[in-house]
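Data first, discussion second: the structure below is written as structure tokens.
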Amino acid sequence: MAETTSNQMWGGRFADKPDAIMEAINASIGFDQRLAAQDIAGSRAHAAMLAATGIVEASDAEAMREGLLTVLSEIEGGTFTFSTALEDIHMNVEARLKEIVGPAAGRLHTARSRNDQVATDFRLWVRDQLDAAEAQLLALVRALLAQAETGADWVMPGFTHLQTAQPVTWGHHMMAYVEMFGRDLSRVRDARARMNECPLGAAALAGTGFPIDRDMTAAALGFDRPCANSLDAVSDRDFALEFLSVASISAMHLSRFAEELVIWSSAQFRFVVLSDRFSTGSSIMPQKKNPDAAELIRAKIGRIFGAQVALMTVMKGLPLAYSKDMQEDKEQVFDAADNWLLSLAAMDGMVRDMAANAPALEAAAASGFSTATDLADWLVRVAGLPFREAHHVTGSLVAVAEARGCDLPDLALEDMKEVHGAITEDVFDVLGVRNSVASRTSYGGTAPDQVRAQIARWKEILG
């Protein structure tokens, strides 16, 4: 593709080429070439609209539309030569189009600016990423549902402060992440609906005097409607910020789960075995099987958080409408999208492949006085003690068991009676971990029947 100087692109106002340093800092083609497909889709819609409204000849519009498909095939085929002198993806495409179709290409920029063009391209790209994230989240939620269904009645320890708290079920723990990623899914859908307005036709900032049909281009590009204010259309990037916010919240959920998988797969816990496909070994220690995929998810999240802060910082002090600062709106969004989607895919793979160690889960659930709350509840419900007194009695029994090196179910009834005479043989019915989880029948509780009910609810939601 032939080179073109930047002064030709900007018109007669500039008589000389920019300094090489200016060219380097001004060019964005090194990263915004990722918008090629969206840029060409927007230009093809714009050309069709220009013909339909009589602004350009139909033959010129058709030549431009066909030529743009040629440009796209060259880009996708890797034969297109990108030029930094042409600054960005828009001018690179337009210059090549001129070589293909001749002077008619110069009519393509009628009634638009690079300001509304890039805003449209970027919205289209972000919308595509939201669609990809929706698909990945659906896959991950389904993988978690499968794990929950398999282990709906497997008992495991529930933790607070990473200390054993009360027994729960494996299914219940998996369903907690179903709820989290389900909310992420709803945020993705909300963000997509909110940003689905078309900036094309806003031109530089004030609209245009040409008789354009903005509804036509919006519909052609799959938008719900045109943006209602031309200043806002070209100057805001809240759709990208909302994308980063949604990604950051979802990434936080991924990181929390990744942290648990790192802990659970350790030799000290042995709660899960991760597949070889999502683990690595050590170059020196042959016994090692490292949860590197989970660790990398945990680390990549910082890049997503950082992207949101970076774009907020770019946008926070800009007057309306467009400023060149906004060229810095893309690289961090591209990076965050890549890492979020990769992390979602990796987590989906780990969840599908991982095997829970049910005996180790149950053994851990039975340790650490995990049924102490059940004992306190029994003292309230059966022995009639006020909860604060029951709490004190239970604490005393825990101290006795700890001193004797056993757990609560291993204490003799006589030992319990020495602490409080109202305790009877029936107390042992609530001290087993299986009895404990079975008793938690409140809505959203850990009882296996409740877990299965929530699994059924989610299967109905997903269809």
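The values are calculated or read from the model by the stated rules, or taken from the named source; none is laboratory data. Bear in mind the structure is a predicted one, so any value in this text is a computation, not a measurement. Here the Cβ positions follow ideal geometry from the backbone for every residue, glycine too, while neighbour counts run over all protein chains shown. Just the protein is used for accessible areas: all its heavy atoms, side chains included, with ligands, DNA and RNA removed. Shrake-Rupley method; radii C 1.70, N 1.55, O 1.52, S 1.80 Å.
Note on ALA422/PHE334: beta-carbon distance plugged into 1/(1 + (r/R0)^6) with R0 of 51 Å gives a FRET efficiency of 0.15.
Computed on protein heavy atoms with a 1.4 Å probe, the accessible areas place ASP224, ASP449 in the order ASP449, ASP224, largest first. The distance between label points at ASP128 and ILE461 comes to 3.0 nm (points 7 Å beyond Cα on the Cα→Cβ vector). Look at the dipole of the chain built from charges on Cβ: of SER245, LEU411, GLY106, the Cα furthest out on the positive end belongs to GLY106.
Around the amide H of CYS198, modelled in the peptide plane, lie the amide H atoms of ARG225, CYS227, all under 5 Å away and 5 or more residues distant in sequence or on another chain. Each residue of the range 182-188 was assigned a 3J(HN,Hα) from its phi angle through the Karplus expression (A = 6.51, B = -1.76, C = 1.60, θ = phi - 60°), giving x, 5, 4, 4, 5, 5, 4 Hz with x at Gly and Pro. In this calculation the C-beta distance from ALA165 to ALA355 is compared with R0 = 22 Å, giving a FRET efficiency of 0.35.
Can you give the FRET efficiency for ASP215 and VAL400, using 1/(1 + (r/R0)^6), R0 = 60 Å, r = Cβ-Cβ distance, to the nearest 0.05? Computed FRET efficiency for ASP215 and VAL400 comes out at 0.20.
Spin-label model, ASP292 to SER323: label points 7 Å out along the Cα-to-beta-carbon direction sit 4.4 nm apart. Here the 3J(HN,Hα) profile of the range 303-320, calculated from phi with Karplus coefficients 6.51, -1.76 and 1.60 at θ = phi - 60°, is 5, 5, 4, x, 4, 5, 5, 4, 6, 4, 5, 4, 8, 5, x, 8, x, 6 Hz, Gly and Pro shown as x. Annotation: amide H of ASN290 within the under-5 Å range of THR280, GLY281, sequence separation 5 or more or interchain, hydrogens built in the peptide plane. Listed by chain and number, the aspartates and glutamates whose C-alpha is less than 13 Å from the C-alpha of LYS98, apart from same-chain residues fewer than 8 away, are GLU3, ASP60, GLU66. Taking Cα centre as origin and charging only the Cβ of basic (Lys, Arg, +1) and acidic (Asp, Glu, -1) residues, the dipole magnitude of the range 362-463 rounds to 560 debye. Extension gain for ASN435-THR110 works out to 109.6 nm (0.36 nm per residue, less the C-alpha to C-alpha distance). Computed from point charges on the beta carbon alone (+1 for Lys and Arg, -1 for Asp and Glu), the dipole magnitude for the chain about its Cα centre is near 200 Debye. Give the residue from GLN166, GLY222, GLN117 lying farthest towards the positive end of the charge dipole for the range 116-228; charges sit on Cβ (+1 for Lys and Arg, -1 for Asp and Glu) and the dipole is referred to the Cα centre. The Cα lying farthest towards the positive end belongs to GLN166. For the chain, the relative contact order works out to 16 percent when only alpha carbon pairs closer than 8 Å and six or more residues apart are counted. LYS289 contributes about 90 Å² of solvent-accessible surface, heavy atoms of the protein only, 1.4 Å probe. Once the Cα atoms are used to define both axes, helix 331-353 deviates from the longest principal axis of the chain by about 40 degrees.
When the alpha carbon coordinates of the chain are projected onto the principal axes, the ranges are 100, 52, 39 Å, largest first. Backbone geometry of the range 251-257 corresponds, through the Karplus equation with coefficients 6.51, -1.76 and 1.60 at θ = phi - 60°, to 3J(HN,Hα) couplings of 4, 4, 4, 4, 5, 4, 5 Hz, x marking Gly and Pro. Rg/Rh, computed from the Cα trace of the range 365-462 with Rh as the Kirkwood radius, has the value 1.09. The range 163-234 and the range 97-124 have their alpha-carbon centroids 25 Å apart.
Annotation: extensible slack from SER186 through LEU341 equals 54.2 nm (criterion: 0.36 nm per residue apart, minus Cα-Cα distance).
Solvent exposure of the chain amounts to 45 Å² per residue of accessible area, where only protein heavy atoms count and the probe is 1.4 Å. One chain, two ends: GLU99 and HIS392. Fully extended at 0.36 nm per residue, the span grows by 96.9 nm beyond their Cα-Cα distance.
Computed from Cα positions, the angle between helix 387-404 and the longest principal axis of the chain comes to roughly 80 degrees.
Amide H contacts of ALA165 (H built 1.01 Å from N, in plane; Pro and chain starts excluded): GLY158, PHE159, THR160 sit under 5 Å, all sequence-distant by 5 or more or on other chains.
Placing +1 on the Cβ of every Lys and Arg and -1 on the Cβ of every Asp and Glu, with no other charges, gives the range 20-107 a dipole of roughly 100 debye about its Cα centre. Per residue, the chain reaches -20000 deg cm²/dmol at 222 nm when only DSSP H runs of four or more residues are counted, each adding -39500 (n - 2.57). Between ARG277 and ALA37, with labels modelled 7 Å along Cα→Cβ, what's the label distance in nm to one decimal, could you check? Inter-label distance under the simple model: 2.4 nm.
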